[in-house]
Amino acid sequence: MRNHLVKTITRREAMRLSAAGVAGASLSGWFGLLADHAARAAAPPKRPKSCILLWMAGGPSHHDTFDPKPDAPADVRGELKAIATSVPGIQISERFPRFARQMQHAAILRGMSTDEAEHGRARIYVHTGYKPGFGGLRYPLLGSTVSAELGRPDAALPNYVVTGALAGKNSFLTDAGYRGSRHEPLVLNNPGQGLDNLQAPGSADDFDDKASVLDQLEQGFARTSKSSAAAAHATTLRRALELMRSDKTKAFELSQEPPASRQAYGESKFGQCCLLARRLVEAGVSFVEVYLGDWDTHTKPVADAALGLMTQVDDGLSTLVTDLKERGLLDTTLIIWMGEFGRTPKIGVGKNVGGRDHWAKAWSSVLVGGGIKGGQTIGKTDAIGGEVIDRRISIKDFMATVGTVLGIDHTKKVDAPGGRPVRIVEEGATPIRELIG
């Protein structure tokens with residue numbers, strides 16, 4: 001209203017106000033206040049940051065990806081060569097030639113170090129920042145935390161989406177812990193399927209009538225039963241109805257993209273999932289997790305197969321960075337590339353014929369965008385990549401860093417069941433200042 005008033009008061013009307021006895025200085029000050037208010041109202045709201053997690057299930061070898069050891073013995077170095085990047089002095093694996101040209105936007109965290117080397121425990125630890133069973137709680141996944149802290153509760157689109165080749169054993173990716181069912185993700189295994197199964201049947205009026213009755217029944221049952229399962233079911237139904245009524249579901253339709261755009265991401269499911277992630281972030285989704293499995297390279301056949309995974313990552317990740325940069329979204333979108341741990345320094349130890357075993361003592365993750373200071377490596381491993389010898393990065397420090405980059409107070413306490421206050425990130429965490437100043 002005031003914005004409209006400022007726009008419509010003319011010079012002649014101002015003179016009439018002055019003639020009526022309004023002092024010039026007062027009038028000027030009044031207009032100044034209105035103009036300030038109008039400017040604030042007209043300024044677009046600051047866009048909350050989003051996050052895309054590229055999850056490499058199974059634990060990729062840091063030696064063969066982002067911490068190569070070209071001068072190490074052959075049974076440590078492996079068969080892949082190290083190549084230069086756009087940042088002098090930083091080398092990565094030859095399987096990432098496109099991403100090597102984008103290193104100025106990225107930071108490689110070569111000092112990652114944990115003590116969980118079993119898949120089940122490690123993936124929960126890395127996803128939540130808390131070890132399984134700690135304090136007797138189920139902790140929210142990173143995506144659930146971002147959904148709760150940055151997501152819009154009234155948004156038609158979900159604030160958290162997981163996409164990619166999910167299997168039953170990876171159901172942990174849907175657990176919102178004490179954050180509740182509202183912050184569970186929408187899981188979409190196939191990025192090309194869209195949301196056709198959410199098309200409303202029949203006429204809009206008929207659908208709204210039936211949906212309203214069903215929603216009332218669900219809410220009533222949830223209130224009377226006071227069961228968490230009933231409340232979760234009601235929440236899921238309501239979210240589905242919101243999606244069915246929204247035209248924003250077009251963000252899920254990859255067919256809307258030009259063929260050249262789809263081809264740039266590669267024909268793999270992972271590449272198309274990266275494209276979907278870009279479309280969802282562009283539409284306002286707070287957190288997207290893209291899943292890529294089969295990194296558990298114990299034997300040579302599996303290790304050889306991982307070469308194809310690296311090509312998929314190079315295509316998908318590089319095009320994702322390019323697209324976000326061109327759309328002005330790279331500074332507001334943090335991309336994380338990581339798995340649950342790394343792999344052993346030596347190839348073929350024990351039963352791992354031609355491959356590498358689990359290794360949590362030293363490994364790498366990669367951050368891109370989000371306003372971080374790119375073009376650097378943080379942390380250093382020894383000559384064979386077995387130990388961190390400089391700038392060790394713990395999981396709680398990593399989580400505190402991600403929270404700080406995204407604008408989340410990692411020291412905040414949230415009430416868990418029973419009213420118990422729990423910190424978003426475990427006490428004692430220190431964000432990586434080299435990334436955020």
Here are some conditions: (1) free of Cβ contacts under 8 Å to residues at least 12 places away in the same chain; (2) closer than 20 Å to Gln91 by Cβ. Val368 meets all but one. Which one does it not meet? (1)
Condition check: part of a helix (DSSP H, G or I) and modelled with pLDDT of 95 or more. Does Asp296 satisfy that? no
When the residues of the range 334-364 are filtered to those that are surrounded by fewer than 24 Cβ atoms within 10 Å (Cβ to Cβ) and within 18 Å of the chain's Cα centre (by Cα), which remaining residue is nearest to Lys300 (Cα to Cα)? Met338
Taking the range 42-98, which residues are among the aliphatic types (A, V, I, L, M), assigned to a loop (DSSP other than H, G, I, E, B) and crowded, with 17+ Cβ neighbours inside 10 Å? Ala57, Ala72, Leu80, Val87, Ile90
Test Gly374 against the stated conditions and say whether it is under 30 Å from Val285 (Cβ atoms), of a type in the set (Gly, Ala, Ser) and open to solvent by 10 Å² or more (accessible area, probe 1.4 Å). yes
Only one of (1) small (Gly, Ala, Ser); (2) under 30 Å from Ser50 (Cα atoms); (3) surrounded by fewer than 19 Cβ atoms within 10 Å (Cβ to Cβ); (4) touching a helix residue (DSSP H, G or I) at 6+ places or on another chain (Cβ under 9 Å) does not apply to Ser318, and that is (3)
List pairs: first residue in the range 110-134 and free of Cβ contacts under 8 Å to residues at least 24 places away in the same chain, second residue in a helix (DSSP H, G or I) anywhere in the structure, Cβ distance under 6 angstrom, at least six positions apart or on different chains. Lys131/Tyr125; Pro132/Arg121; Pro132/Ile124
Residue pairs, Cβ under 7 Å, 6 or more apart or interchain, first in the range 397-421 and among the basic types (Lys, Arg), second open to solvent by 60 Å² or more (accessible area, probe 1.4 Å). List them. Lys413/Pro421
Condition set on the phi > 0 side of the Ramachandran plot and touching a Lys or Arg at 6+ places or on another chain (Cβ under 8 Å), scope the range 116-175, selection modelled with the highest pLDDT: answer is Gly129
So Val288 fits all but one of (1) in contact with a Cys (Cβ under 8 Å, 6 or more places away or on another chain); (2) in a helix (DSSP H, G or I); what number is the exception? (2)
Has the range 331-349 got at least one residue that is modelled with pLDDT under 95 and β-branched (Val, Ile, Thr)? yes
Say whether the condition of being within 19 Å of Val126 (Cβ to Cβ), in a loop (DSSP other than H, G, I, E, B) and either in contact with a Cys (Cβ under 8 Å, 6 or more places away or on another chain) or not small (Gly, Ala, Ser) (or both) is met by at least one residue in the range 318-340. yes
When the residues of the range 404-429 are filtered to those that are in contact with an Asp or Glu (Cβ under 7 Å, 6 or more places away or on another chain) and either in a helix (DSSP H, G or I) or over 22 Å from Thr332 (Cα atoms) (or both), which remaining residue is least open to solvent (accessible area, probe 1.4 Å)? Ala429
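The values are calculated or read from the model by the stated rules, or taken from the named source; none is laboratory data. For clarity, every value in this text was computed on a predicted model and none was experimentally measured. For neighbour counting, all protein chains shown are included, and Cβ atoms are generated from backbone atoms with ideal geometry for every residue, glycine included. Just the protein is used for accessible areas: all its heavy atoms, side chains included, with ligands, DNA and RNA removed. Shrake-Rupley method; radii C 1.70, N 1.55, O 1.52, S 1.80 Å.
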